[in-house]
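Data block below; observations after.
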Ligand code: FE
């Protein structure tokens, strides 16, 4: 007998303008950190109008977190203080560990549809000063598991026999993009100690036990305690991204692009930005 994780919380998020003028939906943010620990932020973009996003996110710092950018469709040009440069393209993911500090820019390029998200994973206190690094996980490196219910793309972690290109170096994170056929039932045994949430990309369906909420796209839902996630797609099919990670249960001091454990550490980071000493060498 397995206990099906119920829907514990539904988050709609709100429209915001961030960066140099990018219209996005901030689904998770400072008000959801306790319930969604270790996940801090989730921004989502779904636009067919380049004016919504081409102003992009010019050079800005990060410290104390990992940013995970996953594009179902789209093209984002990026560059960072480590000298990395490139593009995240259709079906690809960039997994960036800001750690002790990185300065980067993210510039979405005009394309027919920009459909993607950026998830911030908190770093444990002991790893806030980890060396910055990034992984460019192109679409070809993301295993796609074909099942009777649909297709599961394994961005991070392990799903059945499939192993993603990363599993998270500091916080073990499973990140899956699940596309279900109309009416299909999908079951997944996430670790019972993990926080699990799903972001609904397209379509609708039922999450949790049979009597659970019927949910439409562009919202995040937190699944409660249990040992199995159960999702039933509606009659147009359903696509969602589901994330699982162990909560850190540590204090959070959040200032814009920097997330530390104390206000002193935040003040120190902003002082370093002013002095131009934010980036560690070597
Ligand atoms: Fe950034």
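Bear in mind that the values in this text are calculations on the coordinates, not laboratory data. Quick caveat: nothing in here was measured; it's all calculated off a predicted structure. With ideal geometry, Cβ positions are generated from the backbone for all residues, glycine too; neighbour counts draw on all protein chains shown.
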Note on the range 3-46: contact order normalised by length, alpha-carbon pairs under 8 Å, 6 or more apart, percent, works out to 30 percent
Summing -39500 (n - 2.57) over every DSSP H run of at least 4 in the chain, dividing by its residue total and rounding to the nearest 500, the 222 nm mean residue ellipticity is -1500 deg cm²/dmol
Note on the chain: contact order normalised by length, alpha-carbon pairs under 8 Å, 6 or more apart, percent, works out to 20 percent
Protection proxy (average C-beta count within 10 Å per residue), highest first, orders 133-142, 226-235 as 226-235, 133-142
Residues 236, 66 in order from fewest to most other beta-carbon atoms within 10 Å are 236, 66
Measuring from the longest principal axis of the C-alpha atoms of the chain, the long axis of helix 263-275 (C-alpha) lies at a number of degrees, nearest 10, equal to 50 degrees
Taking every C-alpha to C-alpha distance in the range 1-120 and binning by 10 Å from 0, the per-bin percentages run 13, 43, 32, 9, 3, 0
Here P(r) for the range 7-275, Cα-Cα distances in 10 Å bins, as whole percents, is 7, 31, 39, 20, 4, 0
Note: probe point = Cα of residue 136 + 7 Å toward Cβ; backbone nitrogen < 20 Å; residues of the range 38-61 passing the test are 57-60
Relative contact order of the range 133-223 (C-alpha contacts under 8 Å, at least 6 apart) in percent is 19 percent
